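**Student:** There's a structure below that I have some questions on.
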Amino acid sequence: MKKILLGNEAVARGLYEAGCRVASSYPGTPSTEVTEFAATYDDIYCEWAPNEKVAMETACGAAIAGARSFCGMKHVGLNVAADPLFTASYTGVNAGMVIVTADDPGMHSSQNEQDSRHYAKASKTMMLEPADSAECLAFTKKAYELSEKFDTPVIIRLTTRIAHSRSLAELSDRVDAGLRPYEKNPGKYVMMPAMAKKRHIVVEERIENQIAWAETQAVDEGINTVEYNDKKIGVITAGICYQYAKEALGDKASYLKLGCVYPLPVELIRSFAAECETVYVIEELDDYIETHCLKNGIKVIGKEAFTLQGEYSQSMIAKAVLSEEKPCLSTDLPIPGRPPVLCAGCPHRGLFYALKKLNVTVSGDIGCYTLGALAPLGMLDTCICMGASVSALHGRNKADENNSKKSVAVIGDSTFIHSGVTGLINIAYNKSNSVVIILDNSITGMTGHQQNPTTGLTIKGDPTAAVSLEKLAEAVGIERVRVVDPYNLAETENAIREELSTDAPSVIISRRPCALLKKVKHNPPLKVDADKCRSCKMCMKIGCPAISMKDGKAVIDFTQCVGCNVCKQLCKFDAITD
């Protein structure tokens with residue numbers, strides 16, 4: 001049976017059909033849906049882990065125990081999971097282990113354009129890159145075969161356009177991979193220096209065998225494919241760039257599509273290049289394939305014709321290769337920009353307004369609340385990576401003790417569990433006079449409402465233990481812990497002012513569920529009495545998308561307003577009413 005599947009959905013189907021038994025991930029756009037779709041199959045145990053490192057270690061443990069396993073993450077999540085990845089490459093696996101990392105060219109939802117192919121090479125871990133949903137499914141199944149064939153984890157690299165595009169895929173029945181017997185083998189699985197040195201030899205031998213496979217068998221198995229058309233132009237590419245190139249160049253070029261991007265073949269590329277007059281390497285982000293070609297004396301045109309930045313397109317490739325302008329759909333209608341904004345009723349809005357009123361420096365983090373950096377709130381000074389807000393605040397305050405009276409860190413509940421708690425331990429242990437504000441909206445909001453260890457529910461919605469943020473903060477040595485409702489502006493402002501004036505580390509938990517949660521019951525929408533409105537625009541200072549000005553008066557869109565009353569607290573003329 002054939003079905004149109006989202007790329008991430010196709011990977012999840014591949015996990016199911018391949019007999020995957022254990023899946024552990026941390027949500028991150030554009031990878032999140034892989035694990036969400038996998039959780040719909042009862043034959044796969046699925047979980048959200050506290051972070052990507054834990055997820056990969058869980059998958060490693062399951063694979064060594066004999067179960068086909070999986071872990072998924074976005075590209076920056078692979079940074080967090082790099083420690084177990086590099087060593088898992090040495091230990092190898094027992095049953096197959098597949099890792100999905102989803103890169104984000106164009107930074108649609110990320111803080112950098114990291115190219116995960118470098119991780120495959122650096123960790124000496126095999127990597128496949130599918131070019132559509134059919135290959136997402138097929139390559140996932142093949143990855144388990146290769147994992148067990150070569151005794152290695154196998155990474156599947158997705159990009160945003162592959163992960164979030166739909167195309168036709170062939171469905172099959174699930175294969176019962178069973179549970180492989182585990183045999184105690186410290187020389188293989190205990191990576192002390194003496195054992196690791198011997199395993200490194202095995203890894204290098206394995207790579208040579210994988211290269212030999214990539215040269216011939218990968219072609220026979222449809223992983224690396226060659227398509228000869230007009231040989232005046234040859235294109236070496238992979239993933240979504242193959243789709244762009246085919247659409248831009250059609251039969252005017254021949255193609256070598258590399259489904260295995262680590263290790264890369266040499267003779268296959270050399271023989272293809274020899275057949276073509278001019279050879280282009282078309283790849284988003286870094287010059288990864290191009291460098292491999294040049295290193296092996298294969299003349300190609302790469303980044304001299306294409307950019308290192310952002311996503312590619314059919315028109316870009318046509319212009320670079322054929323000097324042709326591809327027509328694009330356009331309109332003469334003036335379309336206003338639609339920048340991202342905190343939702344109407346977002347609990348973070350009141351918190352940021354209080355911070356702005358107090359004129360403090362804010363060490364920010366990764367989450368919905370990162371949007372607090374935008375006007376009119378403008379209340380994030382830094383944002384580095386998951387968990388960095390807490391540690392960076394500590395560093396700032398140790399650099400300048402006077403700074404502690406005018407700086408705070410903000411971090412979400414899920415992000416705090418992910419990697420913020422260790423920074424808080426550092427604050428307590430090293431006696432840092434720092435105020436950390438945990439924005440507890442009772443969900444992992446930034447990636448689409450996934451559960452986390454503080455919510456009391458598993459990925460399948462089953463009740464489970466819930467981490468108490470208050471008790472956790474106290475347990476690591478923070479004596480001053482208080483909870484505020486960010487809808488109450490006076491309470492929130494007073495709490496921040498008091499903690500900043502205290503000579504001790506403290507935690508403020510700004511607790512109010514995300515306004516988009518289905519379980520949240522909203523108040524009736526507010527409205528503006530135009531006769532009382534003085535057009536002071538005070539209500540506009542919170543940046544709520546439900547509030548606008550019309551004919552010089554404030555108006556509230558009843559379809560968006562959730563009756564949070566934050567704007568009502570700002571109006572000095574009682575113009576905003578229930």
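**Student:** Taking amide H positions as placed in the peptide plane 1.01 Å from N, state which residues far from residue 484 in sequence (5 or more) or on other chains have amide H under 5 Å from it.
**Tutor:** For residue 484, whose amide H was placed from the backbone, the distant partners under 5 Å are 509, 510, 511.
**Student:** Dimensions of the chain along principal axes (Cα, Å, largest first)?
**Tutor:** Its Cα atoms span 78, 65, 49 Å along the three principal axes.
**Student:** Could I ask something else about it? When the gyration tensor of the stretch 371-416 is built from Cα positions, what are the square roots of 5 times its three eigenvalues, in whole Å, from largest to smallest?
**Tutor:** Output for the stretch 371-416: semi-axes of 19, 15, 8 Å.
**Student:** Helix-only mean residue ellipticity at 222 nm, the chain, DSSP H runs n ≥ 4 weighted -39,500 (n - 2.57), per residue, nearest 500. What is it?
**Tutor:** Estimated from H runs of four or more residues: -10000 deg cm²/dmol.
**Student:** Find how many whole Å separate the alpha carbon centroid of the stretch 534-578 from the alpha carbon centroid of the stretch 20-43.
**Tutor:** 41
**Student:** What does the convex hull of the Cα atoms of the stretch 67-157 come to per residue, in Å³, rounded to a whole number?
**Tutor:** Per-residue hull volume (Cα only) is 89 Å³.
**Student:** Would you kindly derive the ³J(HN,Hα) couplings of the stretch 57-63 from the backbone phi angles with the Karplus curve 6.51 cos²θ - 1.76 cosθ + 1.60 (θ = phi - 60°), listing them in order in whole Hz, with x for Gly and Pro?
**Tutor:** So the Karplus estimates, Gly and Pro as x, are 5, 5, 5, 4, x, 5, 5 Hz.
**Student:** Could I ask something else about it? Please report, in whole Å, how far the alpha carbons of the stretch 104-172 spread along each principal axis, starting with the longest.
**Tutor:** Rounded to whole Å, the extents work out to 36, 34, 13 Å.
**Student:** While we're looking at this one, here's another question. Cut-off under 12 Å on the C-alpha distance; same-chain residues fewer than 8 positions from residue 246 excluded. Which aspartates and glutamates are left, in chain and number order?
**Tutor:** Reachable aspartates and glutamates: 227.
**Student:** Could you check what % of the DSSP bridge pairs in the chain are antiparallel, to the nearest 5?
**Tutor:** Details: 19 of 71 bridges.
Within the chain, antiparallel bridges account for around 25 percent of the total.
**Student:** Give me the percent of Cα-Cα pairs in the stretch 1-102 that sit more than 25 Å apart, rounded to a whole number.
**Tutor:** Tail fraction, whole percent: 12.
**Student:** Over the stretch 143-278, with a single point scatterer placed on each C-alpha, what log10 of the ratio I(q)/I(0) does the Debye formula yield at q = 0.10 1/Å?
**Tutor:** Listed by q, the Debye log ratios stand at -0.49.
**Student:** Using θ = phi - 60° and the Karplus form 6.51 cos²θ - 1.76 cosθ + 1.60, what ³J(HN,Hα) does each residue of the stretch 336-345 get, whole Hz, x for Gly and Pro?
**Tutor:** Calculated HN-Hα couplings, in order: x, x, 10, x, x, 8, 4, 5, 4, x Hz.
**Student:** Using only the Cα atoms of the stretch 301-420, what are the Rg and Dmax in Å?
**Tutor:** 21.0, 61
**Student:** Using the Karplus curve 6.51 cos²θ - 1.76 cosθ + 1.60 with θ = phi - 60°, what ³J(HN,Hα) values do you get for each residue of the stretch 44-53, in whole Hz, with x for Gly and Pro?
**Tutor:** 10, 6, 10, 8, 8, 8, x, 7, 5, 4
**Student:** To continue, here is another question. What does DSSP give for the stretch 222-322 in terms of the percent of beta bridges that are antiparallel, rounded to the nearest 5?
**Tutor:** That works out to approximately 30 percent antiparallel.
**Student:** Any idea what the dipole of the chain comes to, in debye rounded to 20, about its Cα centre with Lys/Arg Cβ at +1 and Asp/Glu Cβ at -1?
**Tutor:** Using only the charged Cβ atoms, the result is roughly 1400 debye.
**Student:** Now a separate question. Bin by bin, in steps of 5 Å, what percent of the Cα pairs in the stretch 527-577 do you find, going until the bin that has the longest distance?
**Tutor:** For the stretch 527-577, the pair-distance distribution reads 4, 23, 40, 25, 7.
**Student:** Fewest to most neighbouring Cβ within 10 Å: what's the order for 166, 13?
**Tutor:** 166, 13
**Student:** Still on this structure, I have one more. Cα-Cα pairs above 26 Å in the stretch 347-511: how many percent?
**Tutor:** 19
**Student:** If one computes the Cα centroid of the stretch 124-176 and of the stretch 331-363, what distance in Å separates the two points?
**Tutor:** The two parts, judged by their Cα centres, are 39 Å apart.
**Student:** Hey, another quick one. Bin all alpha-carbon pair distances of the stretch 439-578 at 5 Å intervals from 0 and give each bin's fraction as a whole percent.
**Tutor:** P(r) over the stretch 439-578, rounded to whole percents: 2, 8, 15, 16, 15, 14, 13, 9, 5, 3, 1.
**Student:** Could you tell me which of the pairs 121/257; 357/519; 519/550 are separated by over 26 angstrom between their Cα atoms in the structure shown? Intermediate values should be presented prior to the final figure.
**Tutor:** Details: 121/257 19 Å; 357/519 31 Å; 519/550 33 Å.
Violating the 26 Å Cα-Cα cut-off are 357/519; 519/550.
**Student:** Taking K and R as +1 and D and E as -1, what net charge do the other residues with C-beta under 14 Å from the C-beta of residue 465 add up to?
**Tutor:** -1
**Student:** If Rh is defined by the Kirkwood formula over all Cα pairs and Rg also comes from Cα, what ratio Rg/Rh do you get for the stretch 87-212?
**Tutor:** Reported Rg/Rh, Kirkwood definition of Rh: 1.02.
**Student:** Shifting gears a bit: Could you give the distance between the Cα centres of the stretch 426-446 and the stretch 264-290, to the whole Å?
**Tutor:** 48
**Student:** Follow-up. Quick check for me: using +1 on Lys/Arg Cβ and -1 on Asp/Glu Cβ, what's the dipole size of the stretch 347-511 about its Cα centre, in debye to the nearest 20?
**Tutor:** 220
**Student:** Percentage of Cα-Cα pair distances in the stretch 403-487 greater than 18 Å, rounded to whole percent?
**Tutor:** For the stretch 403-487, the fraction of Cα-Cα distances above 18 Å is 46 percent.
**Student:** Considering amide H positions built from the backbone, and no H for Pro or chain starts, which residues 5 or more places from residue 387, or on another chain, come under 5 Å of its amide H?
**Tutor:** 366
**Student:** Can you list residues whose amide H is under 5 Å from residue 576's amide H, if they're 5+ apart or on another chain and H is modeled 1.01 Å from N?
**Tutor:** 529
**Student:** Let me ask you something else. What does the highest-first list of 109-122, 383-396 look like by mean Cβ count within 10 Å?
**Tutor:** Averaged packing, sorted descending, gives the order 383-396, 109-122.
**Student:** With only alpha-carbon atoms counted, please give the Rg and Dmax of the stretch 222-322, in Å.
**Tutor:** When restricted to the Cα atoms of the stretch 222-322, Rg and Dmax are 12.0, 31 Å.
**Student:** Rounded to two decimals, what is the ratio between the C-alpha radius of gyration of the stretch 206-281 and 2.2 N^0.38 Å?
**Tutor:** Output field value: 1.06.
Coordinate-derived values only; no laboratory data. The model shown is predicted, which means the values in this text are computed figures rather than measured ones. With ideal geometry, Cβ positions are generated from the backbone for all residues, glycine too; neighbour counts draw on all protein chains shown.
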